[in-house]
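Student: Dropping a structure here in structure tokens format, bear with me for questions.
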């Protein structure tokens, strides 16, 4: 068995040297996938065991929730204006463009009163792909979670980064901001969403409405800020596909306008959902909706198989 495993690893290295990620899988590669049972193993387990990215031309393969990343780079644990949190997860990897963005945003954060920079949560795994726990997205190296907790100490130990928690900036239900929300959070989100590399920023509905009610200047950035439940201890940044990356699947753009009225409707529905309208009950569905199953390697772009083979 040990000899067979060594042969499989050697074969994977040879194949990686002879093929680019964009090329169709060869018959030898398909045989290797079958022999190693990769085609029968949930993709989250395959990608979750990759410990480091392999040197390669950086490329996003697929989409934010069905993809992977080749040639990812690791965000350093500590920088002049940031610290990466929860290091035990090994999720501080991303496309180089994401890392450049985070460096730029952390420098902007360091100019805010009471902030020395950013505490940065999950990016992606070394090869991207589905995660063992948590996110449905964060697969392509273009997503990042930014903590709402102001970074006041950039010398946290690894142990402290595991035990420290962020703060909640909402009131119950997410309809309004809470006592931890400050104007600095607003300025940080405005800077984050104004960068042309950004496709979307997800934050809880109350924060979006608060910003909509107070912005008297350029409102264009508000279109990029999308209300989403749960994003009150952090906000989620998602970048556009990098230029020249033809294998990256871009998300549809946000609807036209600043999105403020839609956020207010969401806020009103959180506070007092409208009563059900009288009328006949809708027909029962013919069959229950299927449960969400495991994502398998075959559900991802085939280039992600080669990324995994290189990582063996």
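Student: Can you tell me how many residues within segment 202-221 are within 16 Å of residue 177 (Cβ to Cβ) and either within 20 Å of the chain's Cα centre (by Cα) or outside any loop (DSSP other than H, G, I, E, B) (or both)? I'd like the intermediate steps shown before the answer.
Tutor: Kept after step one, since they are within 16 Å of residue 177 (Cβ to Cβ), are these residues of segment 202-221: 202-215.
From what's left, either within 20 Å of the chain's Cα centre (by Cα) or outside any loop (DSSP other than H, G, I, E, B) (or both): 202-214.
Number satisfying all stated conditions: 13.
Student: So which residues in segment 179-192 are surrounded by fewer than 16 Cβ atoms within 10 Å (Cβ to Cβ) and assigned to a loop (DSSP other than H, G, I, E, B)?
Tutor: 179
Student: Just the residues that are at pLDDT 70 or above, assigned to a loop (DSSP other than H, G, I, E, B) and either touching a helix residue (DSSP H, G or I) at 6+ places or on another chain (Cβ under 8 Å) or more than 30 Å from residue 69 (Cα to Cα) (or both), please, taken from segment 279-306.
Tutor: Listed by number, the residues that qualify are 294, 295, 300.
Student: Let me ask something else about it. Among the helices (runs of 4 or more DSSP H) lying completely within segment 1-99, list those that include at least 1 residues that are at pLDDT 95 or above and out of contact with any strand residue (DSSP E or B) (no Cβ under 7 Å at 6 or more places or on another chain).
Tutor: Passing ranges, in order: 43-48.
Student: Further, regarding this structure: Are any residues in segment 111-133 in contact with a strand residue (DSSP E or B) (Cβ under 8 Å, 6 or more places away or on another chain) and either without any contact (Cβ under 8 Å) to a residue 12 or more places away in the chain or outside any strand (DSSP E or B) (or both), and if so, which ones? Even if it seems obvious, please write down each step before you answer.
Tutor: Start the filter on segment 111-133 by keeping residues that are in contact with a strand residue (DSSP E or B) (Cβ under 8 Å, 6 or more places away or on another chain), which leaves 117-130.
Those that are in contact with a strand residue (DSSP E or B) (Cβ under 8 Å, 6 or more places away or on another chain) and either without any contact (Cβ under 8 Å) to a residue 12 or more places away in the chain or outside any strand (DSSP E or B) (or both): 117, 121, 122, 123, 125, 126, 127, 128, 129, 130.
Student: Right, another one. For residue 244, state whether it is on the phi > 0 side of the Ramachandran plot, touching a strand residue (DSSP E or B) at 6+ places or on another chain (Cβ under 9 Å) and modelled with pLDDT of 85 or more.
Tutor: On the way: on the phi > 0 side of the Ramachandran plot: yes; touching a strand residue (DSSP E or B) at 6+ places or on another chain (Cβ under 9 Å): no; modelled with pLDDT of 85 or more: yes.
So residue 244 fails the test.
Student: Can you confirm whether residue 238 is in contact (Cβ under 8 Å) with a residue 40 or more places away in the chain, farther than 30 Å from residue 141 by Cβ and outside any loop (DSSP other than H, G, I, E, B)?
Tutor: In short, no.
Student: I've got another one for you. So, residue 200, is that one crowded, with 18+ Cβ neighbours inside 10 Å and touching a residue at least 40 places away in the same chain (Cβ under 8 Å) or not?
Tutor: yes
The values are calculated or read from the model by the stated rules, or taken from the named source; none is laboratory data. Not measured: the values here are computed from a predicted model. We place every Cβ from the backbone using ideal geometry, glycine too, and count neighbours over all the protein chains shown.
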